1. Among the residues of region A:52-87, what is the count of those that are touching a helix residue (DSSP H, G or I) at 6+ places or on another chain (Cβ under 8 Å), within 22 Å of A:GLU25 (Cα to Cα) and facing chain B (nearest Cβ under 9 Å)?
2. Would you confirm whether any residue within region A:172-193 is within 14 Å of chain B (Cβ to nearest Cβ) and part of a helix (DSSP H, G or I)?
3. If you take just the helices (runs of 4 or more DSSP H) that sit entirely in region B:163-267, which of them hold at least 2 residues that are farther than 22 Å from A:ASN98 by Cα, out of contact with any strand residue (DSSP E or B) (no Cβ under 6 Å at 6 or more places or on another chain) and not hydroxyl-bearing (Ser, Thr, Tyr)?
4. A:LYS9 fails exactly one of the following numbered conditions: (1) part of a strand (DSSP E or B); (2) basic (Lys, Arg); (3) closer than 23 Å to A:ARG204 by Cα. What is the number of that condition?
5. Which residues, counting only those in region A:94-105, are touching a residue at least 40 places away in the same chain (Cβ under 8 Å) and in contact with a Gly (Cβ under 7 Å, 6 or more places away or on another chain)?
6. Which members of region A:103-129 meet the condition of being more than 23 Å from A:PHE179 (Cβ to Cβ) and under 20 Å from the mean Cα position of the chain (by Cα)?
7. Please go through region B:207-257 and pick out each residue that is out of contact with any Gly (no Cβ under 9 Å at 6 or more places or on another chain), within 14 Å of another protein chain (Cβ to nearest Cβ) and touching a residue at least 12 places away in the same chain (Cβ under 8 Å).
8. Return yes or no: is A:GLN85 surrounded by 15 or more Cβ atoms within 10 Å (Cβ to Cβ) and under 14 Å from the mean Cα position of the chain (by Cα)?
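Read-outs: derived from the displayed coordinates by stated rules, not from any lab. In this text the structure is predicted, and so the values were computed from the model without any measurement. Note: ideal-geometry Cβ built from the backbone for every residue, glycine included; neighbour counts use all protein chains shown.
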Amino acid sequence: MIQLFHVSKYYDRRLALSDVTLEIEKGEFVLLMGPSGAGKSTLLKLLIGAERPEEGQILVQGRSLAKLRSSEIPLLRRKIGVVLQDFRLLPKKTVFDNVSLPLLVQGASTVEIRRKVTDALRSVGLDHKKDLFPPGLSTGEQQRICIARAIVNGPIMLLADEPTGNLDPELTSEIIELFKSINARGTTIIVATHDPNVLAQVNRRVITLDQGKVVSQEQVSS
Amino acid sequence: MRRLLYLLREAVANVLTNRTTTVVAVATTAFTFACVGVFLLLYVNLRSMASSLEQDIQVMVYLQDDLTEQTRSEIELQLKADRAVGSLTFVSKERALADFQSQFPAESHLLQGLGQNPLPASFVVTLAVESRSSDAMRRWANRAQSIPGVAQVQYNQEWVEALAGIVRYIEVAAIIVGIILSAASVTIIANTIRLALYSRREEIEILGLIGASTTFIRVPYLLEGAALGFLGSALSLVILKAGFELFRHEIRSASRFLGVDALLTFFPFQMCVALVCVGLFLGCAGSFLSLLRFGEGRA
């Protein structure tokens, strides 16, 4: 589903990714491991079209991202759920409104929005908090709302950048379990993390990056 | 429908979030538009006065004293045949004297000492509507002056030409001031929108991440700019109308300007609508400029 061929990315001549070639199948759960500055976030940014590589080619569902016009990038992003370390929830909107945003931008009907948002909130166990505002929720709840927003429109893949960076080990386990259940429904999941707690709980493929290079790819069993 | 409601709600939220900035932007835009409006109002009124004066102006065609009745009739026929002439009245020497005596009774003794009537016979000509501009009037006067038997052609040329000149200057000034102040309004609104964009940049980034199109992200800010332009121009009309009424009241109170207040006119309804539309458009333009500079949607 995702193919990278000899992808390199520079920021002001500083190498962020170097000659990365890898393939991720549909329905896989992949961990991108590596220290800060290894290129994990850059790789995720390339996959959502937020950055373009200087060299190489990226294919998502057989389509080259380099050939996407600017107006097509939002369409690509509608197929991808994104979870970030700092949640990026809108504090002045209710949980329901936050989760409904991806559907709203696609022009979904009110009935569809209500049904899908309720389903997404139920799947993260927070449907009873739909009328609250994010600042009134715990950190773990905010991250789960962020996940609900990422999956509400049934994306083909979910990208998470350090999703447990702000969470304690117990909450980390909760979030990982959530990712596993989403993955079990067929969504490809790519988690960028340097948190060993995540690695310990996931017996999936691990791609390790260091200084912009893929240094290993292995199947890990917890 | 929900999407439209969302966009409208966001535009209102933008306005409410930056209440102080919005109020300052609307007030500044209103005063800027009002400045342009003063020039426009001056232009509209002077133009209307000029055209009203042009309509009232009569051209006096004075005849030589020694003309025969036949020559006078020929001149009258020639004038009547002229397309530029709307109507004409003959004023004989005797009638001119009688008019002078009735209009200036205190000065009538001045003429008694002269023995004979020094006032010439004349035709009082009112020109056709299409020939009442200062240029057309000057051309016609030159033509009439060349008719044999005509001693002199007079009209309030200086007044008409001075007024036409002033109207022209005001027109140019209104255009220049209008352009400069419109640019100022666009800048003010653009800065307000830029503040709104910066205060909500995180939200814009999130919208970009979840696949919102550029249009979806831009519309609330364009609506906000349009609302600011609309409110600013509408408020400027209120300020202008209030100022105009106050000025008219003062003019009415001052007895020496008796009747002048009736000549003053405010913008017609269509022009008010046009000014508000211009404000709305400039507001959109300001937003658009800010959005271009901000470069949203590329998170």
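1. Summing the residues that are touching a helix residue (DSSP H, G or I) at 6+ places or on another chain (Cβ under 8 Å), within 22 Å of A:GLU25 (Cα to Cα) and facing chain B (nearest Cβ under 9 Å) in region A:52-87 gives 6.
2. No, that holds for no residue.
3. Working: elements: B:201-209, B:214-253, B:260-263.
Of the helices (runs of 4 or more DSSP H) lying wholly inside region B:163-267, those with at least 2 residues that are farther than 22 Å from A:ASN98 by Cα, out of contact with any strand residue (DSSP E or B) (no Cβ under 6 Å at 6 or more places or on another chain) and not hydroxyl-bearing (Ser, Thr, Tyr) span B:214-253, B:260-263.
4. Just one mismatch for A:LYS9, condition (3).
5. A:PRO102
6. A:LEU104, A:VAL105, A:GLN106 - these are the residues of region A:103-129 that are more than 23 Å from A:PHE179 (Cβ to Cβ) and under 20 Å from the mean Cα position of the chain (by Cα).
7. If the condition is that a residue be out of contact with any Gly (no Cβ under 9 Å at 6 or more places or on another chain), within 14 Å of another protein chain (Cβ to nearest Cβ) and touching a residue at least 12 places away in the same chain (Cβ under 8 Å), then B:LEU209, B:VAL219, B:PRO220 are the ones that fit.
8. Against the criterion (surrounded by 15 or more Cβ atoms within 10 Å (Cβ to Cβ) and under 14 Å from the mean Cα position of the chain (by Cα)), A:GLN85 qualifies.
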